[in-house]
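Working notes, beginning with the structure itself.
The values are calculated or read from the model by the stated rules, or taken from the named source; none is laboratory data. All values reported here derive from a predicted model rather than from experimental measurement. We place every Cβ from the backbone using ideal geometry, glycine too, and count neighbours over all the protein chains shown.
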Amino acid sequence: MSENRADVLILGGGLMGAATAFFLRQRGLSVILLERRLVGQQASGINFGNVRRQGRFLPQLPLANRSRAIWGRLPELLGEDVEFLPSGHLRVAYTPEAVATMESYRDGARPYGLDLELLSGNAVRDRFPWLSPEVMAGSYSPHDGHANPRLAAPAFARAARRAGARIEEGAEVLHIEHEGGGYRLDTADGRVWRAPVLQVSAGAWGGRIAARLGEPVPMVVRGPQMGVTEAVPYALLPVLGVTTKEIREVLYLRQVKRGNIVFGGTGHGPAELDAPPHRANPDITLHQFTQLRRMVPALGALRIIRTWSGIEGYMHDEIPVMGPSAKWPGLFYAFGFCGAGFQIGPGVGDVMAELIATGSTTTPIEPFHIGRFA
Amino acid sequence: MAAPRVIVVGAGPAGTRAAELLAAAGLRPTVVDEGRASGGQIYRRQPPGFRRDARTLYGTEAGRATALHATFDGLGLAIDYLPETLAWNIHGGALYVQREERARRLPFDALLIATGATDRMIPLPGWTLPGAFSLGAAQIALKAQACAIGSRVVFLGTGPLLYLVASQYVKAGAQVAAVLDTAPPGARWKGLPLMAARPALLAKGAVLIAQLMRAGVTMRRGVVPRRVLADAAGTRVAGVAIATPDGGEEVIACDAVGMGWHLRAESQLADLAGCAFDFDADSRQWLPRADEDGRASAPGIYLAGDSARILGADGAEIAGRLAALAVLKDLGLPAPPGQDVAALRRQRQVMDRFRRGLALAFPWPAGLVASLPDETLVCRCEAITAGALRQSVTELDAPEMNRAKAFSRTGMGRCQGRFCGIAGAEIVAAARGVPVEAAGRLRGQAPVKPLPVAAMADDASTLEATR
């Protein structure tokens with residue numbers, strides 16, 4: 001069974017796993033990725049598609065910066081276009097408190113090399129005249145943007161495969177065992193997989209697997225609430241978001257070049273690990289309409305054509321799990337990205353590959369270590 | 001105990017008969033309908049101010065149409081009627097509806113879905129040209145607006161509607177250039193034993209065809225269409241090109257074409273309600289599962305009419321009654337007097353035999369669809385070609401329709417795959433080398449039809465529900 005052996009086994013084929021497989025091949029390690037269904041079908045495929053650094057937990061910015069640099073090189077790295085559009089990212093504030101939050105975040109982000117431009121209400125409307133009068137200020141990040149989540153993870157997986165990785169879709173892992181200083185995984189089809197190194201990048205299911213490996217983590221799953229309008233002429237260049245503490249005001253939207261406006265936020269729906277994905281909650285869809293009209297009144301003239309939900313894993317402290325196991329040698333984690341994994345996905349893959357191949361990484365990831373829950 | 005809340009979606013033959021029966025049982029059902037007036041598509045009423053009589057509008061079915069309209073109008077305040085209203089979602093035991101800027105959440109104990117069917121289309125090259133219509137649209141133009149889709153019209157496709165619409169056009173004085181049926185000449189004989197279940201209907205069909213022949217209309221069977229041709233400016237239909245036996249091409253000149261290959265069930269609401277679907281090999285499409293009375297697999301959901309099984313208008317009236325009786329039974333309420341369930345079921349079985357006969361006599365030309373040229377626009381909403389759809393399978397490794405949709409955008413537009421989904425599945429299946437049922441079906445996603453962002457929930461509890 002030597003053909004089912006590799007330097008690294010990756011459990012889970014979302015963006016994190018697919019990107020790790022790709023970067024491990026760049027470093028010359030052999031890799032097998034096991035995906036229960038199809039690559040990029042869960043959170044990686046149904047998320048909003050934000051390639052946004054501003055607003056992130058500050059210690060995550062070095063990782064986000066590294067990832068942003070990779071986004072810019074994706075067409076040459078992957079040989080495929082995943083519709084990355086660095087068209088800027090704008091967060092708006094509706095209250096003086098939110099403006100103050102923006103100012104302090106701008107000051108905090110500057111040492112990390114993320115320069116944000118704060119625009120007062122009139123200045124932000126001069127530049128983005130479709131914003132509503134209710135907007136008091138905007139925080140603009142010119143080099144952030146968005147990409148197509150339906151394409152990104154599969155494109156990484158295909159590029160990894162072309163580079164020699166084995167990407168096994170429909171491979172449901174039933175058993176994980178320590179064996180001879182490494183890991184043995186058994187899939188439902190009776191095949192056995194072995195490697196000295198295992199990475200768990202199973203997204204919303206990551207917590208369940210970590211618990212099985214003796215490292216339980218506090219985690220919940222939620223369903224993001226997404227929708228998209230019919231296509232209209234391309235006019236909203238920056239991705240839009242809101243700085244607020246009130247979940248019901250948290251709206252985000254982006255217009256793709258072909259014209260549709262993708263939106264999400266203002267609440268979550270339920271999600272389950274062992275059931276098919278829920279659909280979007282129509283009460284939330286209707287509430288999103290009020291927030292869409294509130295931010296960009298002209299959107300009230302459009303119609304939506306599709307809604308969807310899915311499953312995302314959230315850690316109780318809203319910080320992902322990333323890095324080596326606190327318990328087992330050769331075991332690594334990258335899951336629980338709390339609804340904000342898309343932008344950092346390529347960077348996570350690059351960093352995890354570096355960590356696995358060299359034993360350390362130049363990008364600080366200590367805050368994400370699973371040991372914080374021990 | 002509060003009266004059970006029963007909602008009927010659709011006010012065509014199935015919805016009308018269901019509402020009538022529920023009202024007779026003492027309930028006050030809510031009837032939600034997209035139309036301005038009841039009647040559905042088959043018995044669509046003309047706009048106010050139009051004065052054609054029923055015989056002109058509905059031909060041999062005038063009696064049935066007027067009876068159905070009279071029944072619905074007679075219900076009056078016995079029902080809560082919401083016309084021009086879109087049923088766009090189902091969630092948490094409630095139907096979500098919208099009319100203009102008003103969005104409402106209607107909780108139900110039983111939901112009877114009678115949303116009918118739309119044309120099953122083949123995206124032939126040129127099918128999006130101005131002047132190319134579906135058969136149903138060609139019929140609506142005549143019925144509702146009293147106008148023809150062109151001055152010289154070709155009808156292309158297969159199924160009874162092909163001949164019905166052509167004869168209605170002839171009767172209305174339009175010039176019909178040709179009726180082109182893709183069914184092989186011998187297919188009719190294959191369907192005959194089953195179609196003999198309804199001899200009167202079969203005879204009506206024969207009369208239609210005889211009338212068309214007498215009117216001198218060119219009729220062909222076994223036609224292999226190649227494309228709809230544009231005029232020199234590329235802005236309008238100028239003809240239909242069909243294959244000739246020697247491998248060449250023949251062009252039939254026209255300025256409009258009406259196309260359709262039988263019908264496809266409007267089953268999105270059943271999908272959103274969580275109903276199971278099965279592949280129906282006879283009609284080569286996925287249909288929501290229902291028992292003989294119309295109970296779906298999801299509790300509280302009932303299906304009637306063409307949205308569940310394409311039995312036509314008469315079958316829809318029976319299915320509407322059966323589903324309403326099933327609702328009453330499941331709610332523990334007595335049926336109104338004079339309802340003979342066994343007889344209704346027997347009639348429905350006869351119609352189902354006829355349906356299977358029709359599918360044999362007028363088969364869906366799967367091979368033609370699977371071999372459409374790469375440059376053909378399959379998804380007209382998103383402008384995706386057959387080649388791009390195939391590429392999502394062959395190069396990007398999509399194993400079925402939903403993955404092919406995610407990669408290629410086929411079926412992602414305004415129509416949510418209504419018009420391209422069935423043809424798209426044939427293309428994906430052929431590219432993958434699997435039977436069409438293995439290519440799956442596009443999962444339904446709300447809203448059923450485009451929903452205005454201007455829509456506002458008028459119920460404060462709606463927003464409360466999201467907290």
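Quick notes on this structure:
Per-residue answers, yes or no, for (1) within 13 Å of chain B (Cβ to nearest Cβ); (2) in contact with a strand residue (DSSP E or B) (Cβ under 9 Å, 6 or more places away or on another chain); (3) among the aromatic types (Phe, Trp, Tyr):
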site	(1), (2), (3)
A:Glu230	yes, yes, no
A:Ala235	no, yes, no
A:Pro238	no, yes, no
A:Gly241	no, yes, no
A:Thr244	no, yes, no
A:Ile247	yes, yes, no
A:Val250	yes, yes, no
A:Arg258	yes, no, no
A:Glu272	no, yes, no
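- Members of segment A:215-228 found to be more than 16 Å from A:Gly339 (Cα to Cα) and away from chain B (no Cβ under 14 Å), listed by number: A:Glu215, A:Pro216, A:Val217
- If you go through segment B:146-163 and keep only what is in contact with a helix residue (DSSP H, G or I) (Cβ under 9 Å, 6 or more places away or on another chain), crowded, with 20+ Cβ neighbours inside 10 Å and outside any loop (DSSP other than H, G, I, E, B), you end up with B:Val153, B:Phe155, B:Leu156, B:Gly157, B:Thr158, B:Leu161, B:Leu162, B:Tyr163.
- Yes/no for B:Arg64 being under 24 Å from the mean Cα position of the chain (by Cα) and basic (Lys, Arg): yes
- Restricting attention to segment B:255-308, the residues being more than 19 Å from B:Gly116 (Cβ to Cβ) and of a type in the set (S, T, N, Q) number 1.
- Restricting segment A:142-170 to residues that are of a type outside the set (Val, Ile, Thr) and part of a strand (DSSP E or B), the residue that is farthest from A:Thr244 (Cα to Cα): A:Arg166
- Checking the stated criteria, B:Gly40 turns out to be touching a residue at least 12 places away in the same chain (Cβ under 8 Å), part of a loop (DSSP other than H, G, I, E, B) and buried (at least 23 other Cβ atoms within 10 Å of the Cβ).
- One residue from A:Gly28, A:Gly45, A:Gly17, A:Gly72 being part of a loop (DSSP other than H, G, I, E, B) and either touching a residue at least 40 places away in the same chain (Cβ under 8 Å) or not assigned by TED's automatic domain parsing to the domain that holds A:Gly113 (or both): A:Gly28
- For the criterion of being crowded, with 18+ Cβ neighbours inside 10 Å and free of Cβ contacts under 8 Å to residues at least 60 places away in the same chain, B:Ala23 passes.
- Some residue of segment B:363-383 being in a loop (DSSP other than H, G, I, E, B), of a type in the set (Asp, Glu) and in contact with a Gly (Cβ under 6 Å, 6 or more places away or on another chain): yes
- Look at (1) in a helix (DSSP H, G or I); (2) buried (at least 23 other Cβ atoms within 10 Å of the Cβ); (3) under 23 Å from the mean Cα position of the chain (by Cα); (4) more than 11 Å from every other protein chain (Cβ to nearest Cβ) and you find that B:Lys405 fails only one, number (4).
- Boolean, A:Ala210 is more than 14 Å from chain B (Cβ to nearest Cβ) and more than 30 Å from B:Gln416 (Cβ to Cβ): yes
- Qualifying helices (runs of 4 or more DSSP H) (wholly inside segment B:50-145; at least 1 residues being closer than 30 Å to B:Ala386 by Cα and without any contact (Cβ under 8 Å) to a residue 24 or more places away in the chain): B:135-145
- Segment A:204-250, subset under 30 Å from A:Leu118 (Cα atoms) and acidic (Asp, Glu), residue surrounded by the fewest Cβ atoms within 10 Å (Cβ to Cβ): A:Glu246
- Criterion applied to B:Gly26, B:Gly12, B:Gly35 was being modelled with pLDDT of 95 or more and under 16 Å from B:Ile318 (Cα atoms), and the one residue passing it is B:Gly12.
- Test set (1) touching a helix residue (DSSP H, G or I) at 6+ places or on another chain (Cβ under 7 Å); (2) outside any helix (DSSP H, G or I) - B:Pro337 fails condition number: (1)
- Qualifying residue in segment B:2-16 (condition: without any contact (Cβ under 8 Å) to a residue 40 or more places away in the chain and either more than 22 Å from B:Arg418 (Cα to Cα) or not hydroxyl-bearing (Ser, Thr, Tyr) (or both)): yes
- Any chance A:Ser139 is at negative phi and part of a strand (DSSP E or B): yes
Listed here are the residues, each with its yes/no results for (1) buried (at least 20 other Cβ atoms within 10 Å of the Cβ); (2) of a type in the set (Val, Ile, Thr); (3) more than 8 Å from chain A (Cβ to nearest Cβ).
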{"position": "B:Val378", "(1), (2), (3)": "yes, yes, yes"}
{"position": "B:Ala383", "(1), (2), (3)": "no, no, yes"}
{"position": "B:Ala386", "(1), (2), (3)": "yes, no, yes"}
{"position": "B:Arg409", "(1), (2), (3)": "yes, no, yes"}
{"position": "B:Ala423", "(1), (2), (3)": "yes, no, yes"}
{"position": "B:Glu426", "(1), (2), (3)": "yes, no, yes"}
{"position": "B:Arg443", "(1), (2), (3)": "no, no, yes"}
{"position": "B:Val448", "(1), (2), (3)": "yes, yes, yes"}
{"position": "B:Ala455", "(1), (2), (3)": "yes, no, no"}
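- Residue in segment A:295-316 that is free of Cβ contacts under 8 Å to residues at least 24 places away in the same chain and not in a loop (DSSP other than H, G, I, E, B) present: yes
- Exclusive hit being in contact with a strand residue (DSSP E or B) (Cβ under 9 Å, 6 or more places away or on another chain), in contact (Cβ under 8 Å) with a residue 40 or more places away in the chain and acidic (Asp, Glu), set B:Asp271, B:Asp314: B:Asp271
- Applying the condition of being part of a helix (DSSP H, G or I) and surrounded by fewer than 21 Cβ atoms within 10 Å (Cβ to Cβ) to segment A:111-136 and asking which residue is modelled with the lowest pLDDT yields A:Gly121.
- Condition check for A:Ala353: in a helix (DSSP H, G or I) and over 24 Å from A:Arg91 (Cβ atoms): yes
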